[in-house]
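The values are calculated or read from the model by the stated rules, or taken from the named source; none is laboratory data. Note that this is a predicted model, so its numbers are computed, not measured. Please note: Cβ atoms are built from the backbone with ideal geometry, for glycine as well, and neighbour counts cover all protein chains shown.
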Amino acid sequence: MTADTPYARLSPDLVLDAVGACGLWPDGRLLALNSYENRVWQVGLEQVGVEPVPPVIAKFYRPGRWSDAAIVEEHTFAQELAEAELPVVAPLAFDGHTLLHHDGFRYALTPRRGGRAPSLESVEQLQWLGRLIARMHAVGARQPFAHRGKLDRDTMVRQPMQAVLGSSLLPAALHAHYRAAALRLDAAIVQRQTAIGPLRQLRLHGDCHPGNVLWTDAGPHFVDFDDARSGPAVQDLWMLASDDRAMEAVLEGYRQFRDFDQAELALVPVLRAMRQLHYAGWIAARWHDPAFPAAFPFAAESRWWEQHIADLHELADELE
């Protein structure tokens with residue numbers, strides 16, 4: 001196992017052994033779930049008595065990405081939300097520990113909770129999500145994160161930009177063009193952030209896009225707090241709102257439980273720009289992981305980078 005291939009030793013047998021080490025009884029059924037940053041498996045469990053035992057989800061954390069303290073802080077936040085009767089999927093504890101270790105890997109187990117994607121065209125569902133996120137933020141505002149960092153330019157702009165510039169994925173002929181576009185967008189981000197001024201920071205889900213919200217007949221629940229960090233409230237709202245109408249529906253629900261600073265709406269183009277920059281940098285930084293070329297083959301094509309550079313200029317135009 002190396003930094004470039006961190007999961008080379010993560011075999012199905014190791015996954016089953018790790019779950020068994022918690023005192024559970026895997027039945028041999030494994031289903032690899034869609035995840036690239038970490039590795040996630042659904043693990044079937046042996047039936048006890050007449051009642052079937054639901055499977056668990058085993059998430060193996062990417063080595064070196066988060067410290068143990070940061071992962072425990074993520075788990076503590078999810079548990080705090082669950083204790084506040086919010087519909088989140090929190091990790092299971094074994095002997096009082098949620099962060100588990102086995103054969104050099106760090107992992108956590110959670111209950112399996114199914115569901116479908118929310119309907120972001122539904123005003124009712126958007127309002128429902130707004131109410132739940134406001135309640136999450138009320139809990140998130142109680143105290144700050146100590147170990148998980150912030151949603152800032154260093155994490156979302158500078159580090160990804162350096163990853164791209166240092167990667168062989170970016171064609172040499174486009175190197176200067178990418179650098180100019182990224183620096184231009186970074187300057188526009190700084191200009192917009194300065195104009196908005198300081199905003200209140202709180203503990204966030206951090207990656208609250210539709211794929212991390214699962215809907216059932218009983219309503220929605222939130223999964224995957226792997227990107228939890230400190231930031232402005234609007235970060236957990238904007239990816240659920242495709243246009244102004246949708247954002248207003250989300251905010252209508254949100255304001256029923258918590259005040260919202262309207263100044264934060266001016267930050268949405270900044271957050272969108274940061275996410276675009278970060279996405280390319282994330283792929284570049286992880287390209288040596290065999291899962292990435294298979295999942296993102298377009299990133300090896302010059303035309304994708306040409307379009308990405310054009311997108312960065314377009315985002316800078318919007319901010320300027």
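A few remarks follow.
- Flag if L183 is crowded, with 18+ Cβ neighbours inside 10 Å, at pLDDT 95 or above and part of a helix (DSSP H, G or I): no
- Check on A163, surrounded by fewer than 16 Cβ atoms within 10 Å (Cβ to Cβ), of a type in the set (A, V, I, L, M), more than 20 Å from Q193 (Cβ to Cβ) and over 17 Å from the mean Cα position of the chain (by Cα): no
- Flag for Q256 being part of a helix (DSSP H, G or I), in the same structural domain as M136 (by TED's automatic domain parsing) and of a type in the set (S, T, N, Q): no
- Residues of region 75-94 that turn out to be in contact with a helix residue (DSSP H, G or I) (Cβ under 8 Å, 6 or more places away or on another chain), assigned to a helix (DSSP H, G or I) and surrounded by fewer than 20 Cβ atoms within 10 Å (Cβ to Cβ), as a count: 1
- Residue check, E306 over 17 Å from the mean Cα position of the chain (by Cα), surrounded by fewer than 18 Cβ atoms within 10 Å (Cβ to Cβ) and assigned to a helix (DSSP H, G or I): yes
- Within region 46-65, the set of residues being modelled with pLDDT of 95 or more and not small (G, A, S) comprises P55, V56, I57, K59, F60, Y61, R62.
- Test: residue in region 73-86 that is touching a Gly at 6+ places or on another chain (Cβ under 6 Å) and of a type in the set (D, E, K, R): no
- Close pairs from region 127-153: first charged (D, E, K, R), partner assigned to a loop (DSSP other than H, G, I, E, B) and surrounded by fewer than 18 Cβ atoms within 10 Å (Cβ to Cβ), Cβ under 6 Å, at least 6 apart: R131/Q256; R131/F257; R135/F257
- Members of region 1-44 that are modelled with pLDDT of 95 or more, outside any helix (DSSP H, G or I) and in contact with a His (Cβ under 7 Å, 6 or more places away or on another chain): A21
- Enumeration of residues in region 112-160 that are aliphatic (A, V, I, L, M) and closer than 18 Å to E74 by Cα: I133, M136, A138, V139, A141, A146, L151
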